[in-house]
Amino acid sequence: QKEVEQDPGPLSVPEGAIVSLNCTYSNSAFQYFMWYRQYSRKGPELLMYTYSSGNKEDGRFTAQVDKSSKYISLFIRDSQPSDSATYLCAMSPFNNDMRFGAGTRLTVKP
Amino acid sequence: NAGVTQTPKFQVLKTGQSMTLQCAQDMNHNSMYWYRQDPGMGLRLIYYSASEGTTDKGEVPNGYNVSRLNKREFSLRLESAAPSQTSVYFCASRLQGLGTEAFFGQGTRLTVV
């Protein structure tokens, strides 16, 4: 079993839809939870960052962490074609290596 | 401010050849990482270096060696390339500490034939 599981999709939604992306994990040592966005043929860029359980909101994006269930989510409201990218969840124990999910490829159609 | 710079951007190797992928960062970060990205597999950690002078294995270290030359540079070496090492390789750096972001290079597309 992989430490971080993420459905690779692909996921296709119409513009304006609410998008839900999810990851599960098995390592209880993970403390920090991140979402990266990767456009085609580019390196990943940090989108959201959370620590511990709870919600964090940034504009149209909301990240949720449920450590008791080992489950994290990213919600995108009012999705735009410019949101079309691969979204990778990432997790890290205390300041050491980062482990990534497989990435979910999202397409938002105009 | 260049961030994380990887060289080369593209490379084709024959099976058995060796090569070194170079990575340099100019953000004074402590930690540096090498990942490979394959379709459906996401980013898998090959090696990382928490600080100058230290390196640790990640998930998929076999067939690779690394050198943390100084605080800025972290190189990845393939001693005898195999077709299974065909992948996109990303270098990243990160300042250790709560809430720090990892910055990635543009990637090196390696094909082993």
Within the group A:Tyr25, A:Tyr32, A:Tyr36, which residue is within 12 Å of chain B (Cβ to nearest Cβ), more than 17 Å from B:Tyr35 (Cα to Cα), touching a residue at least 12 places away in the same chain (Cβ under 8 Å) and of a type outside the set (A, V, I, L, M)?
A:Tyr32
In the stretch A:88-105, the residues that are away from every other protein chain (no Cβ under 11 Å) and within 11 Å of the chain's Cα centre (by Cα):
A:Met91
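Can we say B:Leu98 is modelled with pLDDT under 95 and within 14 Å of another protein chain (Cβ to nearest Cβ)?
Considered against the rule, which asks whether it is modelled with pLDDT under 95 and within 14 Å of another protein chain (Cβ to nearest Cβ), B:Leu98 comes out as yes.
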I'm told B:Ser84 meets every condition in (1) within 14 Å of chain A (Cβ to nearest Cβ); (2) free of Cβ contacts under 8 Å to residues at least 40 places away in the same chain; (3) among the small types (Gly, Ala, Ser); (4) under 21 Å from A:Ala102 (Cβ atoms) except one. Can you identify the failing condition by its number?
(1)
Wholly within the stretch A:48-110, which strands (runs of 3 or more DSSP E) include no fewer than the required count, namely at least 1 residues that are on the phi < 0 side of the Ramachandran plot and surrounded by 19 or more Cβ atoms within 10 Å (Cβ to Cβ)?
A:61-66, A:71-76, A:85-92, A:104-109
B:Gln11 passes all but one of (1) in a loop (DSSP other than H, G, I, E, B); (2) in contact (Cβ under 8 Å) with a residue 24 or more places away in the chain; (3) of a type outside the set (Val, Ile, Thr); which number fails?
(1)
Within the stretch A:25-38, which residues are modelled with pLDDT of 95 or more and surrounded by fewer than 18 Cβ atoms within 10 Å (Cβ to Cβ)?
none
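The values are calculated or read from the model by the stated rules, or taken from the named source; none is laboratory data. The structure presented is a predicted model; accordingly, all values stated were derived computationally and were not measured. Here Cβ is always computed from backbone atoms with ideal geometry, including for glycine, and neighbour counts include all displayed protein chains.
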